[in-house]
Amino acid sequence: LNNSTHIEEVFSSGYSVFAGRGALKQLDAYLAKPANRHSRHFVLADENTMQHCLPALMAQVPSLSKAEVVEIVSGERSKTIETCIQLWEVLTELNADRHAIVVNLGGGVICDLGGFVASTYKRGIDFVNIPTTLLAQVDASVGGKVGVDLMNLKNQVGVFSYPKGVYIDPVFLNTLPKNEIMSGFAEMLKHALIADADLWNELINFDWSLLDVMDSLIVRSVRIKNKIVLDDPKEKNIRKLLNFGHTIGHAIESYSLEGSGKELVHGHAIAIGMVCETYISVALCGFPAEDLEEVSSFLMSNYPFYPIDSMAHHRLIEMIRNDKKNRANVMNFTLLNAIGEGVYDQHVTADLIIDSLNYYQSRQKAVAHDY
Ligand SMILES: NC(=O)c1ccc[n+]([C@@H]2O[C@H](COP(=O)([O-])OP(=O)(O)OC[C@H]3O[C@@H](n4cnc5c(N)ncnc54)[C@H](O)[C@@H]3O)[C@@H](O)[C@H]2O)c1
């Protein structure tokens, strides 16, 4: 992907994932195909993607010239069933039939929410994803999981449902704030840690001035996710690898949503989760201690420190026990045998989780950094 107009079809299996500058042209081609004629087009955006991304979408996808654009308030707090109800009502009031299509233009919130609304409206209408954050490009837009939060619990209600296509254009990253870039970068680091040691080395040595290189790293990251998802779409086994960093990370993210602390962007919570879960990997999986030093130093110098009071431990453990991934009170984790080698279904005790949170806290003095 060094050539700025190159578009790569990452894979095609029921639906296509296109990545590269100009990927939107592929969306236009899809929408214009007579066999795909949709009765109506709905674009779902938030106020930021409305401002920064909609003009490029409309310019490059003439097939959307008559689309209804629906705007929601940006952020995780919109990823609720209440917003779904509003959107189902809008679709109903605008007489959307079963041949309508929803075009999700935004980050993970828009892709998760819009995908869920489309998958349930009249038992399911078509949708496509145009991920505009790095996190959505390498993670949320691909993999077929859609849904919303409930009672501050992440993704508590949802379904598996695939978009008709995913169109990843790195040009959208130009307007994305640095903390959002770092949020997506955390998921790229996760893909490397569970599956590709070479990618890990490239990411930790990444020169941020070389954006063309970033484009190719995005494609490699999407390929890792897709390969895992295609092998195990319903998360019976290997897909659990993608949960690395997310068991503790999601609990910390939910905790921050409860208003107990400063609200965290998703990837920042996952970065903290990866530090803790790499620590646990040393204790349970023989992960080399010197590599823990490399992983935690890199993460802690690139993501601001987030204080987690020991008073929060009980609540965090409660949230981990309530995690969808767990059954019968066993706390199931994905850990690492080595950099590039994840291992799933590891049982972790509450004491070890607390040790790992204390390890994270103890590293605070080692690195002080802000975005
Ligand atoms: N379904 C999955 O497999 C999956 C995987 C990972 C994460 N997720 C979900 O994704 C969500 C997080 O996604 P996110 O980090 O993209 O959050 P987000 O959708 O809230 O986007 C982050 C912010 O960036 C803004 N934004 C988006 N594109 C922009 C652009 N091009 N320029 C400027 N601003 C822009 C948004 O308006 C928002 O304020 C979480 O809800 C998480 O649970 C889902």
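The values are calculated or read from the model by the stated rules, or taken from the named source; none is laboratory data. Please read these numbers as outputs of a predicted model, since none were measured by experiment. Every residue, glycine among them, receives a Cβ derived from its backbone with ideal geometry; neighbour counts consider all protein chains shown. The accessibility values were calculated without ligands, DNA or RNA, using every heavy atom of the protein model including side chains. Shrake-Rupley method; radii C 1.70, N 1.55, O 1.52, S 1.80 Å.
Just checking the listed ones, Pro55, Pro304, Pro233: in the Gaussian network model of the chain with Cα springs under 10 Å, the one fluctuating most is Pro55. Taking a ≥ b ≥ c as the square roots of the eigenvalues of the Cα gyration tensor, an a/c ratio below 1.5 marks region 199-299 as rounded. When you filter the chymotrypsin sites (Phe, Trp or Tyr not before Pro) in region 135-237 for DSSP loop state and at most 12 other Cβ atoms inside 10 Å of their Cβ, you are left with Trp208.
Listed peptides 95-107, 144-156 appear in the order 95-107, 144-156 once ranked by packing, highest mean of other Cβ atoms within 10 Å at the front. Rounded if a/c is under 1.5, else prolate if a/b is larger than b/c, else oblate: which is region 268-353, with a ≥ b ≥ c the root eigenvalues of its Cα gyration tensor? Oblate, since a/c reaches 1.5 and b/c is not below a/b.
Please list log₁₀ I(q)/I(0) at q = 0.10, 0.16, 0.17 Å⁻¹ for region 73-224, using the Debye equation with identical point scatterers on the alpha-carbon positions. Normalising to I(0) and taking log10 leaves -0.37, -0.87, -0.95. Round to the nearest 10 and give me the degree value, 0 to 90, for the angle of helix 108-120's Cα axis relative to the longest principal axis of the chain. That works out to roughly 60 degrees. Using a probe of 1.4 angstrom and keeping all protein chains present, the accessible surface of region 111-259 works out to 33 square angstrom per residue. Solvent-accessible area of the chain (1.4 angstrom probe, protein heavy atoms only): carbon and sulfur portion equals 51 percent. When the chain is treated as a Gaussian network with alpha carbon springs shorter than 10 Å, the biggest mean-square fluctuation among Glu253, Glu82, Glu180 belongs to Glu82.
Quick note on the chain: its Rg to Rh ratio, both from C-alpha atoms and Rh being the Kirkwood radius, is 0.96. Taking 31 Å as the limit for the C-alpha separation, the pairs Lys66/Lys240; Lys33/Lys240; Lys66/Lys145; Lys25/Lys178 exceed it in the case of Lys66/Lys240; Lys33/Lys240.
For the peptides 117-129, 267-279, the ranking by packing is 267-279, 117-129, with the highest mean count of neighbouring Cβ atoms within 10 Å listed first. Computed on the chain, with alpha-carbon pairs under 8 angstrom and 6+ residues apart, the relative contact order is 15 percent. Take region 274-371 with all the other protein chains still there, run a 1.4 Å probe, and you get 48 Å² of accessible area per residue. Here the extension length gained between Val330 and Thr80 equals 87.2 nm, from 0.36 nm per residue of separation less the Cα-Cα distance.
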